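The values are calculated or read from the model by the stated rules, or taken from the named source; none is laboratory data. Just so it is clear, the structure is predicted and the values come from calculations on it, not from any experiment. Don't worry about glycine lacking a Cβ; one is built from the backbone with ideal geometry, like all the others, and counts go over all protein chains shown.
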């Protein structure tokens with residue numbers, strides 16, 4: 001239900017070797033929201049969302065997804081309901097776009113092949129690459145590849161989609177086509193957590209925007225408030241930097 | 001698999017003698033194979049086409065046939081044409097020819113990998129082709145080849161065990177003699193441990209050599 | 001000294017050659033299966049298993065195949081030299097194939113594993129559907145090289161009583177005392193097989209290069 005708690009971080013800590021990335025992090029992400037997280041590199045944004053589907057395990061604290069404690073044992077279950085879109089796309093180069101999109105539904109969700117393919121086709125049409133279903137990733141442009149990766153995620157029919165800087169590896173002229181797809185998903189009402197520098201997207205499509213630094217949310221506000229009247233100095237400085245770039 | 005301590009102690013002296021033989025054959029063959037391989041690698045970069053083909057032929061024949069066959073060919077064949085070589089020298093010759101081919105192939109690769117720019121710089125300094133090889137290209141090629149050459153070294157170590165089949169009393173033959181006398185496989189276990197130790201020593205030396213001599217560009 | 005006709009020589013050597021060749025499919029199959037399995041297990045980062053497999057690999061890299069042949073034959077007390085030879089050579093070469101497979105798996109970008117996990121595939125399925133299909137072509141040259149070594153190692157198995165081509169050669173030599181035609185023919189036999197494998201490897205390498213020029217996450 002919209003508004004329910006979807007992901008709950010409670011005192012979560014995570015370190016990489018000597019570096020502490022998250023310390024005692026607590027926050028509740030709610031269902032139906034498009035939540036944008038921005039901040040400087042090294043702030044912990046990517047790490048945060050990668051903990052949600054156990055790509056990175058947390059060191060201490062409690063992390064729950066739809067009430068389920070995220071752990072090695074539950075990771076499989078969590079990943080059936082949480083999908084991820086990567087900065088480097090990470091499409092499987094030896095499979096067609098269609099197979100990329102149906103691999104998860106067929107083998108993890110145990111859906112029948114025909115159903116999985118049908119929904120994949122539909123999604124590919126919707127994002128504008130319906131004619132590329134039988135092509136291989138190498139034959140697509142960067143923007144098309146990322147759209148295919150989004151279809152791979154959507155075809156899992158997830159309760160939550162995580163986006164890890166989805167446009168950072170794209171040439172500028174292709175960023176728009178990917179953001180358009182993401183805006184469409186946001187308007188459908190899907191729960192999304194998006195780590196990005198694309199403030200235009202945040203302005204248009206985000207429900208909530210968080211500025212993250214040193215492993216903490218410095219400021220979290222609804223999009224309009226965030227951009228028009230940011231409270232904290234660090235947020236203001238960051239916005240000035242990024243919007244003038 | 002047996003392991004009888006009594007036999008280990010009893011045959012101690014023979015194991016040590018076998019170790020000495022193994023080490024000796026290894027050391028000599030290592031040097032001669034390196035020399036032979038370097039020589040062939042150099043010859044294969046001449047302009048003369050027949051010479052290059054001869055090198056390719058040698059490398060191909062000795063890499064793509066078993067050491068044992070080459071060994072028997074030499075050991076049984078040489079007396080036939082009047083050459084009397086001790087088993088030891090037959091063994092060393094066979095390993096040299098066999099491993100020399102591998103060394104030559106490795107060095108051919110690393111020589112080719114030296115950037116064209118180094119050749120051109122040498123030419124512009126007025127050096128002959130051979131001088132460039134000797135002073136500029138080969139030193140780099142040799143250093144870059146150390147990891148692969150170290151791999152070959154451990155193969156040469158294993159090659160020495162084949163010499164047991166022409167009655168040279170190195171480690172493998174000693175363990176065979178022990179078995180023939182006692183039907184106990186302790187010898188093989190002991191010798192296996194010794195081979196692994198020697199292998200680890202070689203690998204360690206190679207690592208140290210590589211870190212000290214790596215060519216920075 | 002008994003004269004043996006060339007035809008008879010060919011026939012005797014031929015029988016031995018067949019015995020040699022008959023060993024190969026078994027050794028290749030076992031070492032491939034074993035090596036793929038252990039290579040995958042070693043990449044799964046379970047500490048104890050990892051150490052054990054590494055130990056096994058180091059030991060096989062250090063010990064001459066002759067010793068393994070003797071150890072297997074005398075310890076396992078198998079009636080048949082052929083079976084001992086197959087077991088011994090398989091155990092020996094599995095270690096090398098393990099290293100080749102492990103190297104192949106390590107060369108796959110981490111993102112592929114993460115993407116596989118993110119669509120809820122279990123580790124075994126990630127290996128089967130995503131990783132192995134990407135590496136099998138790329139490890140073919142290394143595998144071919146390894147099996148060339150295997151072919152040459154089969155020359156050793158007469159020491160455990162296998163009546164292969166070198167054994168046949170020795171039988172003939174006991175009659176004719178003339179090593180040249182025998183060992184020349186034996187040499188040619190091995191040379192042909194090894195060169196064939198070498199050519200297959202070169203072919204495989206060419207096709208890998210075409211396939212591998214797939215940019216990942218790059219723009220066109």
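Here are some notes:
- Segments classed as strands (runs of 3 or more DSSP E), wholly inside segment A:127-239, with at least 1 members that are touching a residue at least 40 places away in the same chain (Cβ under 8 Å) and over 17 Å from the mean Cα position of the chain (by Cα): A:208-213, A:216-222
Results for (1) surrounded by fewer than 21 Cβ atoms within 10 Å (Cβ to Cβ); (2) within 27 Å of residue B:205 (Cα to Cα); (3) within 13 Å of another protein chain (Cβ to nearest Cβ), shown as yes or no for each residue.
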residue: B:79; (1), (2), (3): yes, no, yes
residue: B:93; (1), (2), (3): yes, yes, no
residue: B:119; (1), (2), (3): yes, no, no
residue: B:122; (1), (2), (3): yes, no, no
residue: B:125; (1), (2), (3): yes, no, no
residue: B:128; (1), (2), (3): yes, no, no
residue: B:145; (1), (2), (3): no, yes, no
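To keep it simple, each residue is scored yes or no on (1) within 14 Å of chain B (Cβ to nearest Cβ); (2) within 28 Å of residue B:165 (Cβ to Cβ).
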residue: C:32; (1), (2): no, no
residue: C:46; (1), (2): no, no
residue: C:51; (1), (2): no, no
residue: C:59; (1), (2): yes, yes
residue: C:62; (1), (2): yes, yes
residue: C:74; (1), (2): yes, yes
residue: C:81; (1), (2): no, yes
residue: C:89; (1), (2): yes, yes
residue: C:96; (1), (2): yes, yes
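- Summed over segment A:5-25, the residues that are over 20 Å from residue A:159 (Cβ atoms) and surrounded by fewer than 22 Cβ atoms within 10 Å (Cβ to Cβ) give a count of 11.
- Residue list for segment C:98-117, filter: within 14 Å of chain A (Cβ to nearest Cβ), surrounded by fewer than 19 Cβ atoms within 10 Å (Cβ to Cβ) and within 22 Å of the chain's Cα centre (by Cα): C:107
- Residues in segment C:158-171 that are in a helix (DSSP H, G or I), more than 10 Å from chain B (Cβ to nearest Cβ) and either in contact with a strand residue (DSSP E or B) (Cβ under 9 Å, 6 or more places away or on another chain) or buried (at least 22 other Cβ atoms within 10 Å of the Cβ) (or both): C:168 only.
- Considering residues of segment A:99-126 that are outside any helix (DSSP H, G or I), more than 23 Å from the chain's Cα centre (by Cα) and over 24 Å from residue A:188 (Cα atoms) only, the residue farthest from the other protein chains (Cβ to nearest Cβ): A:112
- Residue identified as touching a helix residue (DSSP H, G or I) at 6+ places or on another chain (Cβ under 6 Å) and more than 10 Å from chain A (Cβ to nearest Cβ) among C:142, C:120: C:142
- Criterion (surrounded by fewer than 21 Cβ atoms within 10 Å (Cβ to Cβ), on the phi < 0 side of the Ramachandran plot, within 14 Å of another protein chain (Cβ to nearest Cβ) and assigned to a helix (DSSP H, G or I)) met by exactly one of B:52, B:56, B:6: B:56
- Residues (assigned to a loop (DSSP other than H, G, I, E, B) and in contact (Cβ under 8 Å) with a residue 40 or more places away in the chain) located in segment A:23-56: A:31, A:32, A:33, A:40, A:43, A:44, A:53, A:56
- Test result for residue B:25, in contact with a helix residue (DSSP H, G or I) (Cβ under 7 Å, 6 or more places away or on another chain), within 30 Å of residue C:74 (Cβ to Cβ), in a helix (DSSP H, G or I) and at pLDDT below 90: no
- Restricting attention to segment C:179-199, the residues being without any contact (Cβ under 8 Å) to a residue 24 or more places away in the chain and more than 7 Å from every other protein chain (Cβ to nearest Cβ) number 5.
- Of the residues B:197, B:186, B:169, the single one that is surrounded by 17 or more Cβ atoms within 10 Å (Cβ to Cβ) and within 11 Å of another protein chain (Cβ to nearest Cβ) is B:186.
- Selection within segment C:57-75: residues that are free of Cβ contacts under 8 Å to residues at least 40 places away in the same chain and farther than 14 Å from residue B:1 by Cβ. The member of this set that is surrounded by the fewest Cβ atoms within 10 Å (Cβ to Cβ) is C:58.
- All helices (runs of 4 or more DSSP H) inside segment B:106-197 with 2 or more residues being in contact with a helix residue (DSSP H, G or I) (Cβ under 6 Å, 6 or more places away or on another chain) and under 30 Å from residue B:73 (Cα atoms): B:146-159, B:171-182
- Only a single criterion out of (1) modelled with pLDDT of 95 or more; (2) surrounded by fewer than 17 Cβ atoms within 10 Å (Cβ to Cβ); (3) at positive phi is not satisfied by residue A:128, namely (1).
- Evaluated against (1) surrounded by fewer than 22 Cβ atoms within 10 Å (Cβ to Cβ); (2) more than 17 Å from the chain's Cα centre (by Cα); (3) within 11 Å of another protein chain (Cβ to nearest Cβ), residue B:44 falls short on exactly one condition, (3).
- Test: residue in segment A:37-46 that is within 20 Å of the chain's Cα centre (by Cα), within 28 Å of residue A:137 (Cβ to Cβ), within 14 Å of chain C (Cβ to nearest Cβ) and modelled with pLDDT under 95: yes
- Here segment A:75-92 is the region considered, the condition is being more than 15 Å from the chain's Cα centre (by Cα) and crowded, with 22+ Cβ neighbours inside 10 Å, and the residue that is farthest from the other protein chains (Cβ to nearest Cβ) is A:91.
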